[in-house]
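Any read-out appearing in this document is the output of simple, stated calculations on the displayed coordinates, not a laboratory observation. Predicted model only: the values in this text are computed from it and were never measured. Because the Cβ atoms are built from the backbone with ideal geometry, glycine has one as well, and the counts that use them run over all protein chains shown.
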Amino acid sequence: MAKNIIVALDVGTSTVQAVIAEKRKGEENPRVLGVGVAPSRGVRRGVVVDCDDASSVIRTVMDDARKAAGVQARSVWLTVGGAHVSVSSSRGIIAVSRADGEISPEDVKRAIAAAETFIPKNPNREILHMIPRDFRVDSEAGIKDPIGMHGVRLEVDTLIVDCSRPFLKNLFKCVEGAGLKVVDYVFSPLAAAEAVLTKRQKELGVMLLDVGGGTASFMVFEEGVPIHAGVLPIGGGHITNDVAIGFRTDVDVAEKIKLVYGTCLSGELPRRENIRLAEFVEGESSLYSRRELAEIIEARLRDIFELLQKELRKINRVSLLPGGVVVVGGSSAIKGILDLTKREMKLPVSIGVPQEFEAEDEEKASALAAALGLVRWAGAREDAAGGLWLQGRKFGDFSGGKIVKWLKAFLP
Ligand SMILES: Nc1ncnc2c1ncn2[C@@H]1O[C@H](COP(=O)(O)OP(=O)(O)OP(=O)(O)O)[C@@H](O)[C@H]1O
Ligand SMILES: [Mg+2]
């Protein structure tokens, strides 16, 4: 029998990752068969700027993943991230169609389609997700699943995640240039959330925070539903650049210094602990203060937390997420990041570890969260791409119209 293979590809600013998994009948989660990871080229702040470079890295990671998995695979699911992603909201209102007032899946679809008509048309934007946050049936608000309820008027409030269409097309071009076919694509933190957040955290209220190389992206969940999200144009690469400037070294050396001696808790370091440059560059005799290094790292991370607090203020959730902040991404390995996040966000904090890898190599697993989550996302929805999901059930394909491509509203 042919294996049901799922491939997830995450083309990031710092790393390109491919995960090949197999979905077996009767098993909830796909099993990871092979992983390929390589340093990225041709990507800036999550956006492809050199297609040939990016394509060649994609080829490499796919070859590695295929070799490890022992399967050939050409169809891939993609994560979409980058500072060109933006988030907004829209409302749609319809009259319930059945004479007895019972709300059908068809009504929900129409309400979401109505919300779409209020989004300003822009040929340069592509909608990634339209997520129903909340429904109102007549005067009753705060309803998560209105199907089967009775009413006259159905109103939906949707979270819209969209991105630059030219940038998305460019990403497709690179992926196709590497001999692959795109099945579908998912906003990166939504995929990462699938790997590391529990149902309970999503119910309570939680922020998934992915601190990568060129960006820090987040998604906030409450009552099981994404309620806010965004991409900030700051990541580990900016920290490295700051170190290079502060220490007057080139960026490759700065990156090494950051990885070996970096921490973000400057207050905990003695004043006189020094880093010898000779350890990284032969023949150099300079000494750098480790505390100064920590101050540089801490300053950039504080910038991220300040922006995140601003985002939480927009939705009135400052210090109000009992599920806390769950951090993933390559930069989640910065020493002390848990303590600093806790202090700055005034919330419980943990590192998000995808279960597939368990404790074996948490750092590595956390950096792979988006790709591993995407495999799960795909496994749960593979045969229903383009359909609408509500409270775990799928109802209806939006086949036959332009609406198909983007009316991808999902609830866990
Ligand atoms: N041990 C570590 N300590 C500090 N930083 C680290 C460590 N390991 C990796 N990083 C940083 O993680 C970043 C890469 O993270 P990741 O692979 O998640 O980025 P990406 O997904 O390619 O980027 P983006 O999502 O922003 O497009 C780099 O800046 C790297 O320096
Ligand atoms: Mg990333």
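Okay, here's what the table says:
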| item | result |
| --- | --- |
| Table column - 3J(HN,Hα) (Hz), the range 279-291, Karplus curve with 6.51, -1.76, 1.60, x for Gly and Pro | 5, 10, 10, 4, x, 8, 10, 5, 10, 10, 7, 5, 5 |
| For residue 349, residues with placed amide H under 5 Å, excluding near neighbours | 325 |
| Proxy reagent accessibility, fewest Cβ within 10 Å first, across 10, 134, 52 | 52, 134, 10 |
| Contact order relative to length of the chain, as percent, for alpha carbon pairs under 8 angstrom and 6 or more apart | 17 percent |
| Computed lengthening from residue 169 to residue 259, 0.36 nm per intervening residue step minus Cα-Cα distance | 29.0 nm |
| Spatial separation of Cα centroids for the range 292-331 and the range 28-66, in angstrom | 28 Å |
| Order of 249, 240 under a 10 Å beta carbon neighbour criterion, fewest first | 249, 240 |
| Mean separation of Cα contacts under 8 Å (6+ apart) over length of the range 236-298, as relative contact order % | 36 percent |
| Label zone at residue 200 (point 7 Å along Cα-to-Cβ), backbone N below 13 Å, the range 316-333 | 323-324 |
| Anisotropy class of the range 1-145 from Cα gyration tensor, a/c 1.5 cut | oblate |
| Inter-label distance, nm, simple model (7 Å from Cα along the C-beta direction), residue 95/residue 27 | 5.2 nm |
| Two-site label geometry, residue 106 and residue 153: point separation in nm, points 7 Å out along Cα→Cβ | 2.3 nm |
| Isotropically averaged projected area of the range 153-194, using the convex hull of Cα atoms (one quarter of hull area), nm² | 4.8 nm² |
| Cα coordinate range in the chain, projected on the principal axes (Å, largest first) | 83, 49, 41 |
| Check: the range 236-298 dipole with +1 on Lys, Arg Cβ and -1 on Asp, Glu Cβ, in debye | 220 debye |
| Relative contact order of the range 82-165, defined on C-alpha pairs under 8 angstrom at six or more residues apart (%) | 45 percent |
| Under 5 Å, built H, 5+ apart or other chain: amide partners of residue 15 | 40 |
| Rounded FRET efficiency, nearest 0.05, which uses the C-beta distance separating residue 181 from residue 44 and R0 of 25 Å | 0.50 |
| Exposure proxy ranking, count of Cβ atoms within 10 Å, fewest first, for 108, 318 | 318, 108 |
| DSSP loop GluC sites (Glu not before Pro) with at most 10 other Cβ within 10 Å: longest gap in the chain | 29-281 |
| Fluctuation leader among 31, 313, 133 - the chain, Gaussian network, Cα springs under 10 angstrom | 313 |
| Shape call, the range 236-298: gyration tensor on alpha carbons, a/c limit 1.5 | oblate |
| Helix-only CD estimate at 222 nm, as mean residue ellipticity for the chain, using -39500 (n - 2.57) per DSSP H run (n ≥ 4) | -10500 deg cm²/dmol |
| For the range 149-233, the fraction of alpha-carbon pairs in successive 10 Å shells from zero, as % | 14, 36, 31, 15, 4, 0 |
| Karplus-derived HN-Hα couplings along the range 137-151 (A = 6.51, B = -1.76, C = 1.60, θ = phi - 60°), whole Hz, x at Gly and Pro | 10, 6, 9, 8, 9, x, 8, 8, 9, x, 5, x, 6, 10, x |
| Electrostatic dipole magnitude of the chain [Cβ: Lys, Arg +1; Asp, Glu -1; Cα centre; debye, to 20] | 600 debye |
| Theoretical FRET efficiency, 1/(1+(r/R0)^6), r = Cβ-Cβ of residue 285 and residue 88, R0 51 Å, to 0.05 | 0.40 |
